[in-house]
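These notes concern the structure reproduced below.
The values are calculated or read from the model by the stated rules, or taken from the named source; none is laboratory data. From a predicted model like this one, the values you see are computed outputs, not experimental measurements. Positions of Cβ are generated from backbone atoms using ideal geometry, with glycine treated the same way; all protein chains shown enter the neighbour counts. These area figures cover heavy atoms from the full protein model, side chains too; ligands, DNA and RNA do not enter into them. Shrake-Rupley method; radii C 1.70, N 1.55, O 1.52, S 1.80 Å.
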Amino acid sequence: MILAATLLLAAAGPPGCASLEPVPEDLEVGEGRLIHAEWMVDEPEFNDPRVSGYVVNTYYYFATQVQVLVEAFDAQGTVVERRFSWVLGGVPPGHRTYFEVRHLPPADRYRVTVPYYTWREGPDPIFRRLF
């Protein structure tokens with residue numbers, strides 16, 4: 001009985017942290033996603049593209065340990081580069097946080113996704129100590 005209770009508590013994860021299971025597919029489709037990127041490409045210096053924008057959190061938990069993935073594609077649709085970047089400070093519920101990825105290769109098109117994040121009931125403990 002004690003072993004079963006211990007296993008159940010261990011499976012629940014650490015306190016204040018939502019489950020790490022993937023969000024159901026129907027919540028991840030289109031602009032209605034719980035967390036997504038709104039972005040644009042510009043070229044602040046000649047032949048030096050930059051992707052910048054916001055990660056938007058429409059969920060009621062804090063998104064922490066957030067990373068964006070920027071992919072650059074050539075004219076044939078082949079990925080020429082993949083670059084991950086941290087979104088500093090995470091994204092509070094109902095808000096957005098700025099991100100920027102510089103020095104990308106010139107490409108025919110780009111794609112930005114938010115493949116990695118963790119849901120929490122509050123901000124990361126490290127950021128609580130800073131503010």
Original post:
Is one or more of the residues making up the range 71-88 outside any loop (DSSP other than H, G, I, E, B) and touching a Gly at 6+ places or on another chain (Cβ under 8 Å)?
Top reply: no
Original post:
With respect to Y61, is the statement that it is open to solvent by 20 Å² or more (accessible area, probe 1.4 Å), more than 13 Å from the chain's Cα centre (by Cα) and among the aromatic types (F, W, Y) true?
Top reply: yes
**OP:** Of the conditions (1) at pLDDT 95 or above; (2) open to solvent by 70 Å² or more (accessible area, probe 1.4 Å); (3) among the aromatic types (F, W, Y), F46 clears all except one; give me its number.
**Re:** (1)
**OP:** Determine whether the range 20-34 contains at least one residue that is at pLDDT below 95, open to solvent by less than 50 Å² (accessible area, probe 1.4 Å) and small (G, A, S).
**Re:** yes
Original post:
Of all the residues that make up the range 87-96, how many are exposed (fewer than 11 other Cβ atoms within 10 Å of the Cβ) and either without any contact (Cβ under 8 Å) to a residue 24 or more places away in the chain or charged (D, E, K, R) (or both)?
Top reply: 1
Original post:
So which of F73, F99, F84 is open to solvent by 20 Å² or more (accessible area, probe 1.4 Å) and at pLDDT 95 or above?
Top reply: F84
